[in-house]
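This report concerns only the one structure given below.
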Amino acid sequence: MSGFIARLGIFLLAIISFAAVLIYGGGAWAPLPEGIPDSGQATSWTLQFAVFAHVILGLRVFGLLVTWAFIAPTNGETISREGRTAVLHASAIAALWSLSAVIAGLTTMANVLGVPFREIFRQGFIATYLMYLPPSRSYMITALIALTISIAGVFLVSLNAISLLAALAGAGIAAPLLNSHAASLGSHSLALTSSVAHGLSMSAWVGCLWAVSAFVKAKDLKVVARFSALAATSVAVLAVSGIAAAYARLDSISDLWLSRYGQIVILKTVFFAILMALAIQIRARLTSTGSLVKFLSAEVAIMALAIGVGVALHSTPMSRISPPLNSAGEEILGFAYPPPPTLSTIIFGWNPEWFMLTVCLVAAALYTFGVMRIKRNQIKWSTLRTISFMVGIGFIIWTTNAGISMYAKVSFEYHMIQHMTLSMIAPIFIILSTPITLALRALPAQKTSDHRSLREWILAFLHSGYSKLITHPLMVLAIFTFGLYGMYFTPLFATLMGSHTGHIFMELHFLISGLLFSYVVIGADPSPRIVPYWSRLMITIVGLSLHAFFAIALMQSSEPIGVDWYIQVQPPWITDLLADTLAGGSIAWALGEVPMFLLLVTVAVMWSRDDTRLAKQLDRAADRDGDADLKAYNAQLGALNNRDNATNE
């Protein structure tokens, strides 16, 4: 009974802090001027508390799944009995998370349309607007993800499956953040990237802290050590993303203490600083005989206050307001039209896409760390591989952050340069650097029965059925073909170009499909299946042919590709959208065929060298044993011949 009262008190503390900060910051309902549609006070508060429930429940599900997949003790390749109970608990909470997301989606739609909640069930509002409006659509996506977790969690027990559910939970948390009110800012790339990083790192830290509290009380040092590594990373990401988020949302440093948004940011920072201090104290006392109850109680209370403040901050009006741009097309883009393209503006311009930039910098840092680690262990590593990786990363950074990235959003010709670089050029350099081999050599080969190390996670993924499926030659070609024909010759291309999230999805698809194609064809890294050289050669030839037909189809197109998007954001220096499409087809031909041909030559050379190497090995073996294999083969043929002769007689 006392435990229930304590949990209820913590929940009420979070609710009170949420409501108080929401009212103070101006995020609570207030009557609108006459003539402006208003959904009403009841709908507004229902929305706010539905969002609050969505955050709390999503955080709890994410924390449980991450903890029992990556931190807590396991039972070989499956979760333990305690883990099974925790996953069933997460499954039940996921059902409530799905319900809260549905309510948040419906009330968001009502709030945007300015109608009371009860009215949306009439006149076809749901069928017309629920999946059309990005904010309500994002909550419905989260609801579907949470429902999937709720159902799948009842049946799944393997570590691979639970890790997949954890990834889905992370996607469910991120979806609404991609359509937050920060999307209207001029620096929306920084605002949205920092929001997602902040939300996921906070969920990982607080959610896993909640989940491992029993291990902390029991002073399980192994589990606490694993959590500490995750917590340190999460806190670092939380701090950096918090600074970036504040920078994107505040006009000046003085807004931190002059605006209510800034004041709430400071309050939230203080709460999380206290949480970190308490965590350090608890970690220091784990090896002592004293009780941790007081410290844990204080930590839980501060955590509840911090969560309430953080969720309320999400709905607080920002002090920064983006100045209006000169045209409707520029408002859609979020930035002014770039000037007519020159070599200088294309190569040296700067328009950072913070998500891709962050991923590339982290990848480069990890690769560098891996090289340093294996060299400390006196393991040789080719400098050319390191250079190859950095060149590939450099191409990705350039094509997604330099001036070309601005032109790619308004011109199909420059979009195709971006596409070809991401899918055809950068992947070859990255795959030649053998990053998987580096990871397996750099990570310690520690194997225990109750926990899967990072190196074992990589090996488990390589040997999984999913990896075997996506590295099948036919699947590789299918993914490659979808990126060409399924995207550009359907309305999907214009739809994805119409949102920041869709544009990132395209960039990731181009890059991942190119990496997969090069990974299977080059075969320099460990692979879940052995693909013979003749099969690699056929994949490259078919891919070359498909790409050639694609480029020809573009060059012979009678109407612009993605016209529904490009006509909205057409800058003055583009006078003919069809000519722009035809130029894009020429780029696809020029930039695509050369890398594919180089891959073809590379496979042929590797095949020839492999045959030569095999022949030399056989010759050396023959010299050592006097050609024993050939003599044995001839003896076997002679015996068969003698048997046939005896039978005929």
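The values are calculated or read from the model by the stated rules, or taken from the named source; none is laboratory data. All values reported here derive from a predicted model rather than from experimental measurement. Counting neighbours? That spans all protein chains shown, and the Cβs are built from the backbone with ideal geometry, glycine included. These area figures cover heavy atoms from the full protein model, side chains too; ligands, DNA and RNA do not enter into them. Shrake-Rupley method; radii C 1.70, N 1.55, O 1.52, S 1.80 Å.
For a label point 7 Å from the Cα of Ala225 along Cα→C-beta, name the residues of segment 362-388 whose backbone N is under 14 Å from it.
No residues fall inside that zone.
Once you have a ≥ b ≥ c as the square roots of the Cα gyration tensor eigenvalues for segment 71-195, tell me rounded if a/c is under 1.5, and otherwise prolate or oblate according to whether a/b is larger than b/c. Can you show the working numbers first?
On the way: a/c = 3.59, a/b = 1.76, b/c = 2.04.
It is oblate, given that a/c is not under 1.5 and a/b is not larger than b/c.
Subtract the Cα-Cα distance of Ala336 and Ala590 from 0.36 nm times their separation in residues, and report this length gain in nm to one decimal.
On the way: separation 254, 0.36 × 254 = 91.44 nm, distance 3.00 nm.
Roughly 88.4 nm would be gained on extension.
Summing +1 for each Lys or Arg and -1 for each Asp or Glu, what net charge is found among the other residues whose Cβ lies under 14 Å from the Cβ of Pro323?
Details: positive: Arg320; negative: Asp251, Glu330, Glu331.
Value of the local net charge: -2.
Given a Förster radius of 30 Å and the C-beta distance between Ile243 and Phe348 as r, what FRET efficiency does 1/(1 + (r/R0)^6) yield to the nearest 0.05?
On the way: r = 27 Å, r/R0 = 0.91.
With a Förster radius of 30 Å, E is 0.65.
Would you kindly work out the equivalent ellipsoid of segment 456-588 from its C-alpha gyration tensor and give its semi-axes, the square roots of five times the eigenvalues, largest first in whole Å?
After diagonalising the Cα gyration tensor, the semi-axes are 34, 18, 10 Å.
Could you give the distance between the Cα centres of segment 212-274 and segment 369-410, to the whole Å?
30 Å
Which FRET efficiency value, to the nearest 0.05, do you get for Ser449 and Val542 by plugging their Cβ-Cβ distance into 1/(1 + (r/R0)^6) with R0 = 41 Å?
The pair Ser449/Val542 has a calculated efficiency of 0.35.
With a cut-off of 8 Å between alpha carbons and a minimum separation of six or more residues, what is the relative contact order of the chain in percent? Spell out each step's value before the answer.
Working: 814 pairs, mean separation 81.8, N = 649.
The value is 13 percent.
Determine the order of Asp580, Asp220 by accessible area, beginning with the largest, at a probe radius of 1.4 Å. If you can, show how the numbers build up before the last one.
Numbers: Asp580 15, Asp220 45 Å².
Ranked from most to least accessible, the order is Asp220, Asp580.
Suppose only helical runs count, i.e. DSSP H with n ≥ 4. What mean residue ellipticity at 222 nm does that imply for the chain under -39500 (n - 2.57) per run, divided by all residues and rounded to the nearest 500 deg cm²/dmol? Write down the numbers at each step before the final one.
On the way: 29 runs with 469 residues, N = 649.
The helix-only estimate for the chain comes to -24000 deg cm²/dmol at 222 nm.
Tell me, what is the FRET efficiency for Leu366 and Thr437 to the nearest 0.05, using R0 = 22 angstrom and their Cβ-Cβ distance as r? Intermediate results must be reported in sequence, preceding the final value.
Numbers: r = 14 Å, r/R0 = 0.63.
It comes out at approximately 0.95.
Hey, what's the chain come to in accessible area per residue, 1.4 Å probe, Å²?
Spelled out: the 1.4 Å probe surface of the chain, per residue, equals 49 Å².
When a/c reaches 1.5 or more, the comparison of a/b and b/c decides; with that in mind, is segment 127-285 rounded, prolate or oblate per its Cα gyration tensor? Don't jump to the answer; show the numbers that get you there.
Values: a/c = 2.70, a/b = 1.09, b/c = 2.48.
It is oblate, given that a/c is not under 1.5 and a/b is not larger than b/c.
Any idea how far the Cα center of segment 485-519 sits from the one of segment 423-480, in Å?
22 Å
Taking 0.36 nm per residue of sequence separation and subtracting the Cα-Cα distance, how much length would be gained by fully extending the chain between Ala478 and Val270, in nm to one decimal? Please list the in-between numbers first.
On the way: separation 208, 0.36 × 208 = 74.88 nm, distance 5.12 nm.
69.8 nm is the gain from fully extending Ala478 to Val270.
Can you compute the modelled spin-label distance between Asn326 and Ser297, with each label point 7 Å from Cα toward Cβ, in nm?
6.5 nm
The list (i) 15, 45, 30, 7, 2, 0; (ii) 18, 53, 28, 2; (iii) 18, 49, 26, 6, 0 gives values of P(r) over Cα pairs in 20 Å bins from 0, in percent, and only one came from this structure; which label was calculated from it?
(i)
How high is the relative contact order of segment 436-585, in percent, with contacts defined as C-alpha pairs under 8 Å that are six or more residues apart? Spell out each step's value before the answer.
On the way: 112 pairs, mean separation 36.4, N = 150.
Result for segment 436-585 is 24 percent.
Give me the percent of accessible area attributable to carbon and sulfur for the chain, probe 1.4 angstrom. Spell out each step's value before the answer.
Details: 21550 of 31530 Å².
Accessible surface attributable to carbon and sulfur in the chain totals 68 percent.
For a quick check of understanding: with a 1.4 angstrom probe and all protein chains in place, what accessible area in square angstrom does Ser327 have, to the nearest ten?
The value for Ser327 is about 40 Å².
At 0.36 nm per residue, and after removing the present C-alpha to C-alpha distance, how many nm does the segment from Val605 to Leu8 gain when stretched out fully? Don't skip to the answer; put the middle values down first.
On the way: separation 597, 0.36 × 597 = 214.92 nm, distance 6.89 nm.
This chain segment gains 208.0 nm when fully extended.
With all protein chains present and a 1.4 Å probe, how do Leu164, Leu305 order by accessible area, largest first? Provide the component values of the computation, followed by the final result.
On the way: Leu164 105, Leu305 40 Å².
Per-residue accessible area, sorted high to low, gives Leu164, Leu305.
Cα-based Rg (one decimal) and Dmax (whole number) for segment 519-600, in Å?
In order Rg, Dmax, the Cα atoms of segment 519-600 give 17.4, 53 Å.
Determine the shape class of segment 500-551: with a ≥ b ≥ c the square roots of the Cα gyration tensor eigenvalues, call it rounded for a/c under 1.5, and otherwise prolate if a/b is greater than b/c, oblate otherwise.
On the way: a/c = 4.14, a/b = 1.41, b/c = 2.93.
Because a/c hits 1.5 or more and a/b fails to exceed b/c, segment 500-551 counts as oblate.
How do the peptides 421-434, 68-81 rank, highest first, by the average count of neighbouring beta carbon atoms within 10 Å per residue? Kindly include the intermediate steps, with their values, before the conclusion.
Details: 421-434: 23.6, 68-81: 18.7.
Per-residue mean Cβ counts within 10 Å order the peptides as 421-434, 68-81.
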